[in-house]
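Asker: Mind having a look at this structure? Questions to follow.
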Amino acid sequence: MTKSALQLARAAYQPKVPAALKSTVKAVDGEYTQSVADQEDIKRLFPNTYGMPVVTFEKSKEKRSLPAINAGVILSGGQAPGGHNVIAGLFDGIKAINKDSRLYGFILGPGGLINHEYKELTGDIIDEYRNTGGFDMIGSGRTKLETKEQFDKGLEILKKLDISALVIIGGDDSNTNACVLAEYYKSINAGVQVIGCPKTIDGDLKNEQIETSFGFDTACKVYSEVIGNIERDCNSAQKYWHFIKLMGRSASHIALECALQTQPNICIISEEVEAKNQSLDDIVTYIAAIVAKRSQEGDNFGTVLIPEGLIEFVPAMKRLIAELNDYLAKHDAEFKMIKKSEQRTYIISKLTKENADLFASLPEGVARQLTLDRDPHGNVQVSLIETEKLLSEMVAKKLELWREDGRYDGKFSALHHFFGYEGRCAAPSNYDADYCYSLGYTASCLIAEGKTGYMSSVRNTTAPADQWIAGGIPVTMMMNMERRHGEMKPVIRKALVELDGAPFKAFTVHRSTWALTTSYVYPGPIQYFGPSSVCDAPTRTLQLEQAK
Ligand code: FBP
């Protein structure tokens, strides 16, 4: 494989780790734990893995000789920078326990375990991927590990390879399923431990115990670099409004972090829209008012950040989508018989008045998208809706109305962008390279301690890496019961942007100034070499959340 000069230099990088991980460790158990809510239900569903203590690893002088471990690893869900370093940390960790330990990677996600597709990850393969982005060492997939048949099928290959521990690297759903698997294997005395690792660029797998999911840091830095470049272009040409949609299926953490890094004129936060029960028209009016105000100063340009999940947080849109999902699930065949040119009128005639009015007000393209592209569960694929175009078209219409009233006299020319895939496989920042390697190494320590149903955790990460705290959090501690596809299920609570949290509050202090003045910040590209203040700084979100 040909490598760039940077890739070659980066391959030699030694990730920084918590001081405790540099020697033999001893596990210190904390208090027994409770789930965040619904304790009785969670306890009943996880009789073997509920209530275990938080574990912290400390330095130990004692030399231990432990038998070799065969471990398996799975990458689950969307790519996130640093995944390869989790695997490298795990590999080095089990080799430090016993040099005869072996690591197997299951191919293309949980499906690899079920279909018995795997490869042994030897030292030369691991070395090829140290500090690189992507998940291509073994690939990832979105198959959900949730049925007994899948668990039993997985156990066949684990037994065949003599694997006694499985590490699942994934988001909230994958870690929930990892815990269900841990519970099942323990209940049948399968002799296989299951450990999770917190991954997702969306940043929505975090709580009192898990400071952040890996990948969020790098992805936000990549998007912020590009947003900064666009802002500079915008301020140089002074003729476009840039509407930038940012990934993050549900929560707005990425949009908020990028706003804190780049100080755009506008950033919409879905969680605020929902809390204030705002309509699409409220959002459009808010943006249009800023466009109009800036144009009075001759500034017919600006930047708007829009979170990918916005549509589902607009209460009226949510109701419309729910009615459309129900209606089309029952009348799909009939709908498909209608001529394309008449489908819009047909749908309007079938919806309740409130939803029909909203549907009629949507631009043609978006209305069409809402009636097409259903996922296997019959839901609209909201991520395919081009919210950035929807909003800019509606803003343009509103401004034209205001022009007729004499309330607006500017120029409005919009450009659109969607940043997501550009950041998911970026080479990890120092933060993610260090954090991921430490998470993987910590997973090996949890395995050596015989733990199962735990998530690997590394805390205090706004301090220098030496002072980071490695340990394990029982997954049941993060769970509550939620309705999923009509059934109550135990799940890890998804972290949305908290409106009383420090990052959102910091944003609200400045946003009205950023709206009218041009206060852009141009963060520039991720740096790997240079002063620590440049190379190792964590996200603004983490700094604000952890500031005591
Ligand atoms: P994970 O939560 O699985 O890490 O994935 C997050 C994400 O990147 C979202 O931001 C995005 O909506 C989604 O994956 C896109 O996934 P896909 O490319 O599989 O459609």
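The values are calculated or read from the model by the stated rules, or taken from the named source; none is laboratory data. Bear in mind that the values here come from a model prediction, so they are computed numbers and not experimental data. Positions of Cβ are generated from backbone atoms using ideal geometry, with glycine treated the same way; all protein chains shown enter the neighbour counts. For the accessible areas, the whole protein counts, side chains as well, though only heavy atoms, and no ligand, DNA or RNA atoms are used. Shrake-Rupley method; radii C 1.70, N 1.55, O 1.52, S 1.80 Å.
Asker: Put +1 on the Cβ of each Lys and Arg and -1 on the Cβ of each Asp and Glu in the chain; which of Val366, Ile526, Leu66 then has its Cα farthest toward the positive end of the dipole?
Answerer: Leu66
Asker: Taking all protein chains together and a probe of 1.4 Å, list Met477, Met337, Met455 from the most accessible to the least accessible.
Answerer: Ranked from most to least accessible, the order is Met337, Met477, Met455.
Asker: Further question: By DSSP, what percent of the beta bridges with both residues in the chain are antiparallel, rounded to the nearest 5?
Answerer: Values: 23 of 56 bridges.
Looking only at bridges with both residues in the chain, the antiparallel portion is about 40 percent.
Asker: Also: Only Lys, Arg, Asp and Glu count, each charged at its Cβ (+1, +1, -1, -1), so figure out the dipole size of the stretch 110-212 about its Cα centre, rounded to 20 debye. Intermediate values should be presented prior to the final figure.
Answerer: On the way: 11 positive and 18 negative charges, 57 e Å.
In debye, rounded to 20, the stretch 110-212 gives about 280.
Asker: May I pose another question? What does the accessible area of Met52 come to, in Å² to the nearest 10, when a probe of 1.4 Å is used?
Answerer: Using a 1.4 Å probe on the heavy atoms, I get roughly 30 Å².
Asker: Moving on to the next point. Please go through the residue pairs Lys16/Lys221; Lys336/Lys389; Lys330/Lys353; Lys3/Lys221; Lys22/Lys494; Lys221/Lys489 and name each one whose alpha carbons sit more than 30 Å apart in this structure.
Answerer: On the way: Lys16/Lys221 20 Å; Lys336/Lys389 26 Å; Lys330/Lys353 19 Å; Lys3/Lys221 23 Å; Lys22/Lys494 33 Å; Lys221/Lys489 35 Å.
Distance filter (> 30 Å) returns Lys22/Lys494; Lys221/Lys489.
Asker: Which far-off residues, 5 or more places away or on another chain, put their amide H under 5 Å from the one on Ser429, with H placed in the peptide plane?
Answerer: Residues meeting the amide H criterion: Thr218.
Asker: Determine ³J(HN,Hα), in whole Hz, for all residues of the stretch 126-142 in sequence, where each value follows from phi through the Karplus function 6.51 cos²θ - 1.76 cosθ + 1.60 and θ = phi - 60°; x replaces Gly and Pro.
Answerer: 4, 4, 4, 10, 4, 6, 9, x, x, 10, 6, 4, 10, x, 10, x, 10
Asker: Now for a separate question. Work out the length of the dipole vector of the stretch 244-355 about its Cα centre, built from +1 on the beta-carbon of each Lys and Arg and -1 on the beta-carbon of each Asp and Glu, and round it to the nearest 20 debye. Could the numbers behind the result be given before it?
Answerer: Numbers: 14 positive and 16 negative charges, 92 e Å.
Using only the charged Cβ atoms, the result is roughly 440 debye.
Asker: Non-local amide H neighbours of Ser101 (under 5 Å, H modeled in plane, Pro and chain starts lacking H): which ones?
Answerer: Ile69
Asker: Ser65 to Glu487: FRET efficiency via 1/(1 + (r/R0)^6), r the Cβ-Cβ distance, R0 60 Å, to the nearest 0.05? Present the calculation step by step, with values, prior to reporting the outcome.
Answerer: On the way: r = 48 Å, r/R0 = 0.79.
With a Förster radius of 60 Å, E is 0.80.
Asker: Using θ = phi - 60° and the Karplus relation 6.51 cos²θ - 1.76 cosθ + 1.60, list the HN-Hα couplings for the stretch 58-65 in order, rounded to whole Hz, with x at every Gly or Pro.
Answerer: 10, 4, 9, 8, 5, 8, 10, 10
Asker: When only C-alpha pairs under 8 Å and at least 6 residues apart count, what is the relative contact order of the stretch 291-423, in percent? List each step's numbers first, then the result.
Answerer: Values: 97 pairs, mean separation 41.1, N = 133.
After rounding, I find 31 percent.
Asker: To continue, here is another question. Starting at the first residue of the stretch 5-19, write each ³J(HN,Hα) from the Karplus equation 6.51 cos²θ - 1.76 cosθ + 1.60 with θ = phi - 60°, in whole Hz, x for Gly and Pro.
Answerer: Result, ordered by residue: 4, 5, 4, 5, 5, 5, 4, 7, 5, 9, x, 7, 10, x, 3 Hz.
Asker: Taking amide H positions as placed in the peptide plane 1.01 Å from N, state which residues far from Glu482 in sequence (5 or more) or on other chains have amide H under 5 Å from it.
Answerer: Lys489, Val491
Asker: Let me ask you something else. Taking 0.36 nm per residue of sequence separation and subtracting the Cα-Cα distance, how much length would be gained by fully extending the chain between Glu422 and Arg319, in nm to one decimal? Before the final figure, lay out the partial values.
Answerer: Details: separation 103, 0.36 × 103 = 37.08 nm, distance 3.22 nm.
That pair, Glu422 and Arg319, stretches by 33.9 nm at full extension.
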